[in-house]
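Q: Attaching a single structure in structure tokens format; questions to follow.
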Ligand code: NDP
């Protein structure tokens, strides 16, 4: 990372992502919707991936109404998708765009907030699958196209509880430790031989449905809106972060 840039106060130029094709998972709501809007506003063509068609269409329509590049929708439930669905997605992206320059792994679930001793094993599997295994499989399928990009960026979404364990955060915390590990391993594997950079981002407490689920008693305006934490996302997705790999950045 360039020592002169603090990604939290990064000021992107308007056409930062012109010509780039970027896939965002969990793009229908929360931080993913805000990231998709921010990337589109800076010139990127988006592939909006999520499980809820209506949510994705709302984000799509907002981007089109703003006169930005028309996104495409990839309706996919990452909790259930099997290998062929990932394969088809990669094939469709290649057929439609012929390229992929950015990948934001954002979709996740919270699971239970409960002691490890009582943690439900089924929920454990679901959380680890959606939050860790799905990003691994998706990355694996999309690597050939990312390798072909002149400047590719893979961003994994971490959390404070993915860096230091906290009581009762169970599988969610463990999945985010896993994401940090996955990002580090992939960053090392791509460091010298590719033009792909791989980093983690920790949004910090942000006003979304997941935050409400985790902290139901918190006042709604106690945390920033997703749209106000986008500077590090834009920094990592655009060319100004060239050479920054294997890092884990904070948005707040
Ligand atoms: P939300 O729960 O508000 O949004 C999660 C997104 O993931 C939604 O768009 C949701 O789709 C999608 N999603 C959930 N399950 C699936 C699935 N099975 N298949 C496909 N998509 C799915 O969460 P946030 O926006 O708060 O979180 C975004 C990321 O930021 C997550 O990785 C989270 O762990 C991380 N994070 C968030 C923090 C916060 O305070 N908000 C703090 C630290 C990290 P749908 O539209 O259907 O709901």
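The values are calculated or read from the model by the stated rules, or taken from the named source; none is laboratory data. Because the structure is predicted, anything quoted here is derived from the model rather than measured. Reconstructed Cβ throughout: ideal geometry from the backbone, glycine too, with neighbour counts over all protein chains shown.
Q: So which residues in segment 98-142 are in contact with a strand residue (DSSP E or B) (Cβ under 9 Å, 6 or more places away or on another chain), away from the ligand (no atom under 14 Å from the Cβ) and in contact (Cβ under 8 Å) with a residue 40 or more places away in the chain, if there are any at all?
A: 99, 100, 101, 102, 139, 142, listed by residue number.
Q: Moving to a separate point now. Please count how many residues of segment 18-29 are near the ligand (Cβ under 7 Å from one of its atoms) and surrounded by fewer than 22 Cβ atoms within 10 Å (Cβ to Cβ).
A: 1
Q: Shifting gears a bit: Can residue 171 be described as in a helix (DSSP H, G or I), modelled with pLDDT of 95 or more and out of contact with any helix residue (DSSP H, G or I) (no Cβ under 8 Å at 6 or more places or on another chain)?
A: So residue 171 fails the test.
Q: For segment 196-226, which positions are modelled with pLDDT under 95 and farther than 24 Å from residue 168 by Cα?
A: Across segment 196-226, the qualifying residue is only 221.
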